[in-house]
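Structure, as C-alpha cells:
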Amino acid sequence: MKKKRTFGVTLLAAAVLCCVCAVFFFHMKEDKKTEEKDAVRIGVSVYRWDDTFISSLRAELEAIAKNYEKETGIKVTMDISDAKENQNVQDNQIERFISLGCDVLCVNPVDRSSATNIIGQAMDANVPVVFFNREPVEEDMNRWDKLYYIGADAKESAVLQGEIVADFYRNNQELLDENGDGVVKYVLLEGESSHQDSLIRTEWSVQTIRDEGVPIEKLTGGIANWDRNQASALMEQWLKEYPDEIELVICNNDDMALGAIDAIDREGIMKKIYVVGIDGTPVGMEALEAGKLLGTVNQDIHTYADAIFQSAVALAFGEKVEDRIDIQDGRYYRCPQKALTSFQQSSKP
C-alpha cells in the first residue's frame, strides 16, 4: 500500500510539473510572439528617386511610418533605395533587403515586365512583396499569393483628364479654340513607352475628349519619360515648328506639363496655350493655383502611401491585407482620384 501511495504521489507530482512546464513554455512562446511584433523592417526600392511623384510618395510613406511608431510603439525600420532606372541595380537591392532580414518588400519596378527576378528571390526567401505605381504583368502577379499591387486606375486618370478638357471647352469654346477655326489643335507629351499608365492615359484621355464632342486634331507628340526637362525640350521644339497652331498640351503627368509651361514661358509666348496633367503633385498644385495649369488629376498621395504601408505591415505580421485596405480582385488596390481644375479665364487673354 505504501509503495502504491508513493507511486501515486510521484505520478501526481509529475503531472503537476508537466502542467507547470506547459504553462511556462506557453507564456514563453506568447512572450516571444509579442516580442517579434515589437518591430518591423520594410525594404523599399523605387525606380528613380528624383521623379516628383515618387519623391512625394516616398516622403508621405516615411511620415506615415513615423506616425505609426508613435501610435503603436512598434519600431519601423524602412530601408529605401534608388534603383536609378536600372533593373539590375534593383534586383541587387532586393537581394540585399532579403539578406538584411526585411519582413516585407515594397517595390516600384524599373521595368514592369521584368519583375520575375524580384518575385523569384522573394518566393525563395518567403518574403511578401507589395508592388506599387508600376504594375507587373498579370502572369507574374499570379505566381504567388503573397504579391500585391497598389496604384491608381490609369484609365480612370485618363478619363478624368479628358473630362477636364471637355468641360472647359463646353463653357469656353472661344478660349480653347483660340484661332476660331472650329478645331482644337493639340500636342501630346507621353511617359515611358513601356509603362502601362503612359499607354492607357494616352489612349483614353484623347478618346474621352473626342467622345465628349470636342473637335481635336493632333499636331505632334513625343516621349518625355515623365521628365520635366525632357518635356520642356520637346515643347520648345514644337513651339518653333507650330508657332501659331498649338492650343492644347495633353500630358501624361504633372512634371511633363510643368516642362511644357517652362518652354512656353521661356519662349515668351503671348497667346494662351492650355496645359493639362495628371498626378496632383505639390508643384503641380502650385501651377494649378497660379492658373498656369488648366487641370490635373489628384491621386490622393496620403491614401496611396497609406495603402502601401498598411499592406506591408499586414503582410509582415501575417495578417490579411484585406482586413486593412479595400483589396480588389484578390490582390489589387486602386487609389481614389478626382479632377482638379482652374477655370479662372472668362475671356480671351
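Each reported figure results from applying straightforward, stated rules to the coordinates on display, with no laboratory input. Just so we're clear, the structure is a prediction, and the values are computed from it rather than from any experiment. For neighbour counting, all protein chains shown are included, and Cβ atoms are generated from backbone atoms with ideal geometry for every residue, glycine included.
Which one, Asn225, Ala307, Val249, is farthest towards the positive end of the dipole of the chain when Lys and Arg carry +1 and Asp and Glu -1 on their Cβ? Of the candidates, Ala307 comes out farthest on the positive side.
Placing unit charges on the Cβ atoms only, positive for Lys and Arg and negative for Asp and Glu, gives the chain a dipole magnitude near 2460 debye about its Cα centre. Please identify which residues in the stretch 293-323 have an amide N closer than 19 Å to a label point set 7 Å out from the Cα of Glu71, following the Cα→Cβ vector. What the label zone holds, given the 19 Å backbone N cut-off, is 300-323. Subtracting the Cα-Cα distance of Glu212 and Asn117 from their residue separation scaled by 0.36 nm leaves 29.9 nm. Were the residues from Asp181 through Lys271 laid out at 0.36 nm apart, the gain over their Cα-Cα distance would be 30.8 nm.
A helix-only calculation puts the chain at -16000 deg cm²/dmol for mean residue ellipticity at 222 nm, using -39500 (n - 2.57) for each DSSP H run of at least four residues, averaged over all residues.
Shape annotation for the stretch 155-299: C-alpha extents along the principal axes are 36, 33, 28 Å, from largest to smallest. Remark: the stretch 155-299 carries a charge dipole of roughly 40 debye about the Cα centre, counting +1 on each Lys and Arg Cβ and -1 on each Asp and Glu Cβ. Under the combined filter of DSSP loop state and at most 16 neighbouring Cβ atoms within 10 Å, the stretch 36-118 retains these trypsin sites (Lys or Arg not before Pro): Lys37, Lys84. Computed from backbone phi, the HN-Hα couplings of the stretch 265-272 come to 5, 5, 7, x, 5, 7, 6, 7 Hz, rounded to whole numbers (Karplus: 6.51 cos²θ - 1.76 cosθ + 1.60, θ = phi - 60°; Gly and Pro given as x). Sorting the Cα pairs of the chain by distance into bins of 20 Å, from 0 upward, gives 28, 44, 19, 6, 3, 1 percent per bin.
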